[in-house]
Ligand code: ARG
């Protein structure tokens, strides 16, 4: 193979510094930069191309927006994709970015990759997992992790090596954007007790600045994925773009959490995910109407496991395929509409409807005799049967000097008298 390296390139400072390093420190003759467009601002994609041109790389911009929404975001909706309250926006883009880098490497005949991930975050795991799963023999270089450079050292290196330093990115915040959300990290934002300044937000208005008029939305789903907004059928990318705009305008989608990173570091994280938060809320509301309680209870466990795998970037894991099989089977019935209200940062479900609803007005209504209430009496009698037996036995043991009752606390002590007849 030729002496080429494919650099997973965002155009930001970290990855830009990697370009001269690939030649000077790692001895490659040719640097191939690949920027994957997953819906970050168009200026960023252009800036990456311009910087790459200025530094003489062979550059590719890969438009993966549609694939991203169809094959990563929509499956995430089906799985109610979440990790500790985070809709996984950065997380689910990484495997696709790595996949595109692999495709380019095969195309140009390269057997080495570079990326700008640091050694503290999750992205190094997500990206390298896919690169090495798909090209096990490829060399992978992570200069930021290896060299442990500070931001000011990077700037110095950039200046000494003719790396253009853009205006937009080299701020105090580290930002990652795609159609599913915007992650804002760095600086004091990582401190648990620091109030995020309003200036970090770009996609969402503060509740104070949101319109005084609320906005209602009707989202239709077919088999677990959204297909229309207010009756307009939209292609997947357009649907997400519109919802980011509408929900963001009303201040919906801010997420501020303490996040447990893969390495075990606890870090405070801020996100703006207006479309994701809206769609996930709507999807859950619809599932609650059409799935049985047993399915919902079990699916919550499956979803949680799915979210963890997605967070760790393990898209090629067999367990992920297994979970997807279950999830997809449940989603065959998740069709219908959900109505929502957006108002100054709040998102409220106003209603939901489906042909496949497991709701029967006649059965549930207080005004109907269709369901014969007397049928419940036996159920009520046997409800908690074992617990009642336990109370009898424990009461007996207590009088015999046993310790079983002490675990129950004194609060209920007086309510349990003589052991009576077990039911
Ligand atoms: N903590 C989030 C995650 O692991 C966000 C990462 C953001 N990445 C970045 N390079 N700013 O998914």
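The values are calculated or read from the model by the stated rules, or taken from the named source; none is laboratory data. Quantities reported herein were computed from a predicted structural model and do not represent experimental measurements. Here the Cβ positions follow ideal geometry from the backbone for every residue, glycine too, while neighbour counts run over all protein chains shown.
Quick notes
- Residue list for segment 1-49, restricted to those being over 30 Å from the mean Cα position of the chain (by Cα) and without any contact (Cβ under 8 Å) to a residue 24 or more places away in the chain: 23
Let's see how each residue does on (1) within 16 Å of the ligand (Cβ to nearest atom); (2) in a strand (DSSP E or B); (3) surrounded by 20 or more Cβ atoms within 10 Å (Cβ to Cβ); (4) touching a residue at least 12 places away in the same chain (Cβ under 8 Å):
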{"site": "237", "(1), (2), (3), (4)": "no, no, no, yes"}
{"site": "251", "(1), (2), (3), (4)": "no, no, yes, yes"}
{"site": "271", "(1), (2), (3), (4)": "yes, yes, yes, yes"}
{"site": "277", "(1), (2), (3), (4)": "yes, no, yes, yes"}
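- Of the set (1) in contact (Cβ under 8 Å) with a residue 60 or more places away in the chain; (2) outside any helix (DSSP H, G or I); (3) within 16 Å of the ligand (Cβ to nearest atom), all apply to residue 130 but (2).
- Residues that are surrounded by 10 or more Cβ atoms within 10 Å (Cβ to Cβ) and part of a helix (DSSP H, G or I), drawn from segment 363-380: 364, 376
- Of all residues in segment 180-198, those that are modelled with pLDDT of 95 or more, part of a loop (DSSP other than H, G, I, E, B) and either within 14 Å of residue 120 (Cβ to Cβ) or within 15 Å of the ligand (Cβ to nearest atom) (or both) total 3.
- Residue 172 being surrounded by fewer than 19 Cβ atoms within 10 Å (Cβ to Cβ), at negative phi and within 16 Å of the ligand (Cβ to nearest atom): yes
Table: residues versus (1) crowded, with 21+ Cβ neighbours inside 10 Å; (2) at pLDDT below 95; (3) under 15 Å from the mean Cα position of the chain (by Cα).
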site: 274; (1), (2), (3): yes, no, yes
site: 290; (1), (2), (3): yes, no, no
site: 298; (1), (2), (3): no, no, no
site: 306; (1), (2), (3): yes, no, yes
site: 310; (1), (2), (3): yes, no, yes
site: 324; (1), (2), (3): no, no, no
site: 328; (1), (2), (3): no, no, no
site: 332; (1), (2), (3): no, no, no
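- Residues that are in contact (Cβ under 8 Å) with a residue 12 or more places away in the chain and in contact with a strand residue (DSSP E or B) (Cβ under 7 Å, 6 or more places away or on another chain) occur in segment 311-333; there is at least one.
- Failed criterion for residue 388 (all others in (1) at pLDDT 90 or above; (2) in a helix (DSSP H, G or I) hold): (1)
- Qualifying residue in segment 211-228 (condition: assigned to a helix (DSSP H, G or I) and modelled with pLDDT of 95 or more): no
- Evaluating residue 113 against the criteria (1) surrounded by 22 or more Cβ atoms within 10 Å (Cβ to Cβ); (2) away from the ligand (no atom under 11 Å from the Cβ); (3) in a helix (DSSP H, G or I) leaves one unmet condition, (3).
- Residue count for segment 34-93, restricted to those that are in contact with a helix residue (DSSP H, G or I) (Cβ under 6 Å, 6 or more places away or on another chain), closer than 26 Å to residue 296 by Cβ and assigned to a strand (DSSP E or B): 1.
- Qualifying positions in segment 94-110 - part of a helix (DSSP H, G or I) and either near the ligand (Cβ under 10 Å from one of its atoms) or over 20 Å from residue 13 (Cα atoms) (or both): 94, 95, 96, 99, 100, 102, 103, 104, 105, 106, 107, 108
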